[in-house]
Amino acid sequence: MSLLAIVVLGCTNEELAGGKLAKISISNSVIFGSVHTDFMKGYEDEDSLNLFHKGMTTAVLNEGIVNMAAPQFDVQVVDTAENQYGFHLWYMDERKGYPYNL
C-alpha cells in the first residue's frame, strides 16, 4: 500500500479524472516507453482505487524537461470502460515518487 500511495502523489491524466477505475497493476520497469506486463501487484479493492483516483485528480503537473535514470516501476491503470493507461514511476524515498504518463 505504501507504493500505491507514492504513485498517487503525481499521476495525472485528464481522461482518467472523469472515469471510474477498475484495476491498478504494478510491475518492475524493463524498457522506457512501455509498461512491462509481468505485474507483481494488483489492486482492485474500492479503497485502493479511490486513493489512486484522488491522487490523479488532485496532483499538480510540473512542466519542463526531465533528465532522469531509467524508471524502477511501471503502473497500468484500467478504467471501467476497459481503457488502459500506462505510467513509469521513479521511487525516490518513502514520501516521493515521480511518474511519467506513457
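Readers should treat all values here as calculations from the given coordinates under stated rules, not as data from a laboratory. Since this is a predicted model, take the numbers as computed values, not measurements.
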Inset, instruction - Just subtract the alpha-carbon distance of Asn28 and Met68 from 0.36 nm times their residue separation and send over the number in nm, one decimal. - result: 12.7 nm
Legend entry - ³J(HN,Hα), Karplus 6.51/-1.76/1.60, whole Hz, each residue of region 38-43, x for Gly, Pro: 8, 6, 9, 8, x, 10
Inset, instruction - Could you pull out every residue, at least 5 positions away or on a different chain, whose amide H is within less than 5 Å of the one on Lys23? Hs are placed 1.01 Å off N in the peptide plane, and Pro or chain starts have none. - result: Val78
Inset, instruction - Would you please give the residues with an amide H less than 5 Å from that of Val30, counting only those at least 5 places away or on a separate chain, with H modeled from the backbone geometry? - result: His36
